[in-house]
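For reference, the structure is listed below as structure tokens.
The values are calculated or read from the model by the stated rules, or taken from the named source; none is laboratory data. What you see is a predicted model, and the numbers here were worked out from it, not measured in a lab. Positions of Cβ are generated from backbone atoms using ideal geometry, with glycine treated the same way; all protein chains shown enter the neighbour counts.
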Amino acid sequence: MVEVPQVAVLTGFGINCDLETMAVFDMAGAKAHRVHINSLVNGVDNLENYHIMAVPGGFSFGDHLGSGRLLGNRLRFGIREQMRKFVEDGKPVIGICNGFQVLVKMGLLPGDEGISLEQTASLTLNDSGHYEDRWVTLEFNGDSPCIWTKGVERMRTPVRHGEGKFVVPDSELMDTYAEAGQLVCRYVDPNDQFPSASDESLAYPICPNASMRNVAGVCDPSGLVFGLMPHPEANHSKWLGATWTREEVPKDWIGEGMAIFLNGVEYAKNHL
């Protein structure tokens, strides 16, 4: 049992949400470390020293050749065996926004049981044709194996992306991911009664990017690796919520987004 999980929060090459991501892990009871990608590639550091890995949001490598593409290749070819062993050892991984794009384009998400790191999905340009910076409502799959989202039903959180449309080559592959519970969270209309997640395409801007089946986040078959386009770390405290001044006086400070990080840290404490 781990008393205080050590979290590797990646930084470098245009990642710019590392400090916020470190903060929420510290708030959740872990100890976050800002780890430059080159230190892992060059052997100065190793993922074996950590219990959780987080790939934060930002604009890695300026999003040249597509969001997350270059950093995904940097991880897939630079620390391939480190990444594979990390997941094989049962250690949780989370990718947020650009971090989600990275994990998808390096093949870790949606992934497979053999951790082949072969890309099977992508995140491409929003149908709106521009960058989306707005609040959305997510609904979570209670039957998913994802360890990060246990007990979470809905969450309000901001999106900040230009390439957040989740796509796969065909609907049969989406069916496979759906049956395995890997479609962890979807955009929903906050006015619809829970549960309301549907395969039917939602109107813009409820689904801000036109993702297939309104997908906002997915996990790998083990449930240890999770990625999502919205930013739960940006709603770690109630006063960060878009409507908090019009709601009841809060009994505590914990924002809706903290549930994800509390789950990840609790899992590491009890399983590693």
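Somewhere in region 204-225, is a residue buried (at least 23 other Cβ atoms within 10 Å of the Cβ), part of a helix (DSSP H, G or I) and of a type in the set (S, T, N, Q)? Yes: region 204-225 contains one or more residues that are buried (at least 23 other Cβ atoms within 10 Å of the Cβ), part of a helix (DSSP H, G or I) and of a type in the set (S, T, N, Q). Of Glu266, Glu233, Glu256, all but one fail to be outside any loop (DSSP other than H, G, I, E, B), closer than 27 Å to Asn126 by Cα and among the charged types (D, E, K, R); the exception is Glu233. Exactly one residue out of Phe166, Phe86 is among the hydrophobic types (A, V, I, L, M, F, W, C), under 20 Å from Leu202 (Cβ atoms) and at pLDDT 95 or above, and it is Phe166.
Just to be sure, is Gly142 loosely packed, with under 14 Cβ neighbours inside 10 Å, under 23 Å from Gly111 (Cβ atoms), under 20 Å from the mean Cα position of the chain (by Cα) and among the small types (Gly, Ala, Ser)? Answer is yes for this residue. Applying the condition of being at pLDDT 90 or above and among the acidic types (Asp, Glu) to region 220-272 and asking which residue is farthest from Val152 (Cα to Cα) yields Asp220.
Each row is one residue, and each column tells you yes or no for (1) in contact with a strand residue (DSSP E or B) (Cβ under 9 Å, 6 or more places away or on another chain); (2) among the hydroxyl-bearing types (Ser, Thr, Tyr).
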{"residue": "Val2", "(1), (2)": "no, no"}
{"residue": "Val9", "(1), (2)": "yes, no"}
{"residue": "Phe13", "(1), (2)": "yes, no"}
{"residue": "Met22", "(1), (2)": "yes, no"}
{"residue": "Val35", "(1), (2)": "yes, no"}
{"residue": "Ser39", "(1), (2)": "no, yes"}
{"residue": "Glu48", "(1), (2)": "no, no"}
{"residue": "Ala54", "(1), (2)": "yes, no"}
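The numbered conditions (1) among the aliphatic types (A, V, I, L, M); (2) in a helix (DSSP H, G or I); (3) touching a Ser or Thr at 6+ places or on another chain (Cβ under 6 Å) are all true for Val9 except (2). Restricting Val159, Val188 to those that are crowded, with 17+ Cβ neighbours inside 10 Å, more than 18 Å from Val225 (Cα to Cα) and over 15 Å from the mean Cα position of the chain (by Cα) reduces the list to Val188.
The criterion of being under 24 Å from Gly99 (Cα atoms), of a type in the set (Asp, Glu) and out of contact with any helix residue (DSSP H, G or I) (no Cβ under 7 Å at 6 or more places or on another chain) does not hold for Glu256. Taking region 10-24 as the range and being closer than 20 Å to Ser237 by Cα, without any contact (Cβ under 8 Å) to a residue 60 or more places away in the chain and surrounded by 16 or more Cβ atoms within 10 Å (Cβ to Cβ) as the test, the residues that pass are Asp18, Met22. In region 135-156, the qualifying residues are those that are in contact (Cβ under 8 Å) with a residue 60 or more places away in the chain and in a loop (DSSP other than H, G, I, E, B), and the one that is nearest to Leu228 (Cα to Cα) is Cys146. Would you be able to say whether some residue in region 168-188 is in contact (Cβ under 8 Å) with a residue 40 or more places away in the chain, touching a strand residue (DSSP E or B) at 6+ places or on another chain (Cβ under 6 Å), assigned to a strand (DSSP E or B) and not hydrophobic (A, V, I, L, M, F, W, C)? Checking region 168-188: at least one residue is in contact (Cβ under 8 Å) with a residue 40 or more places away in the chain, touching a strand residue (DSSP E or B) at 6+ places or on another chain (Cβ under 6 Å), assigned to a strand (DSSP E or B) and not hydrophobic (A, V, I, L, M, F, W, C). Within region 19-35, the set of residues being under 18 Å from Leu75 (Cα atoms) and touching a Leu at 6+ places or on another chain (Cβ under 7 Å) comprises Val35 only. Restricting the search to strands (runs of 3 or more DSSP E) fully inside region 25-122 and requiring at least 3 residues that are surrounded by fewer than 24 Cβ atoms within 10 Å (Cβ to Cβ) gives 31-36.
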